[in-house]
Amino acid sequence: MQATPLPLRPFAAHELPLVRATPETLEGYGRLIPDYATCPIEIVRWPARGWRPVDSDTGDEGGTTEGIFEFWWRGDMLYGRNGAVGDTYLFGWNRDPAEAREDRADASRTQVLLWHANYHPDGGQVFFPREKVPFVVPLALPGDDVTPDKFTAFWFDGSAGLYIHPNVWHEAVFPLAERTSFHDKQGRVHARISVDFAREFGVYLSVPLRRP
């Protein structure tokens with residue numbers, strides 16, 4: 001389970017550049033996939049702790065896990081549940097969290113304000129829309145010295161899914177819909193390395209929810 005978000009005072013947000021997801025723009029991050037069932041997942045071999053190597057026929061046998069990843073808005077809050085690992089998350093808000101309310105009926109959702117992102121060192125991950133709903137994904141290239149300005153928001157038209165390489169920073173996917181779900185497949189170990197934007201940089205990431 002993710003840590004509890006830290007309220008940020010004073011409020012500040014860093015808006016991400018928004019680009020269309022294509023084979024060229026996704027280079028290094030991952031790739032578009034036309035079919036969920038046949039998409040292989042990269043599994044990273046368990047690292048050796050000393051000078052003796054991990055035996056070549058071991059350390060990558062954990063396999064994958066898969067399930068349905070659901071996303072839904074509740075007023076100003078965006079929630080998700082990853083059925084592949086049995087966890088539920090608060091991903092972010094569409095306005096200053098201090099003003100956000102779950103019971104707001106007229107929420108105007110032009111962005112998701114993120115407090116958190118992560119990467120998986122043990123394997124890749126695939127998201128494939130169960131309905132043809134456009135979605136946006138924030139991504140940053142590998143490296144633990146990540147900063148907010150290294151993230152880009154990628155827009156997908158919903159006709160294909162996204163495969164994310166191991167070690168690529170991300171925070172799930174954000175559909176341009178009130179509620180929808182994706183097929184999800186990832187490494188079974190599910191190791192997670194995280195960044196907390198509010199605690200580390202004093203900002204939220206603003207992910208635009210629109211077409212570029």
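Just so it is clear, none of the values below were taken in a lab; they were calculated from the coordinates. Worth saying up front: this structure is predicted, and the values here are computed from it rather than measured.
Under the rule a/c < 1.5 gives rounded, and otherwise a/b versus b/c splits prolate from oblate, where does region 93-212 land using the Cα gyration tensor? Don't jump to the answer; show the numbers that get you there.
On the way: a/c = 1.82, a/b = 1.13, b/c = 1.60.
Verdict is oblate for region 93-212.
Result for the chain in a Gaussian network model with C-alpha springs under 10 Å: among GLU66, GLU15, GLU102, the largest mean-square fluctuation is at GLU102.
Anisotropy class assigned to region 140-209 is oblate, per the alpha carbon gyration tensor with a/c at or over the 1.5 cut-off and a/b no larger than b/c. So which residue, out of ALA177, ALA48, ALA191, gets the largest mean-square fluctuation from a GNM of the chain using Cα contacts under 10 Å as springs? Taking springs between Cα atoms under 10 Å, the residue moving most is ALA48. Residues in region 81-92 carry Karplus couplings, in order, of 9, 9, x, 5, 10, x, 10, 10, 9, 9, 7, x Hz; the curve used is 6.51 cos²θ - 1.76 cosθ + 1.60 with θ = phi - 60°, and Gly or Pro positions show x.
Considering only GLY123, GLY80, GLY28, the mean-square fluctuation computed in a Gaussian network model of the chain, springs between alpha carbons under 10 angstrom, is largest for GLY28.
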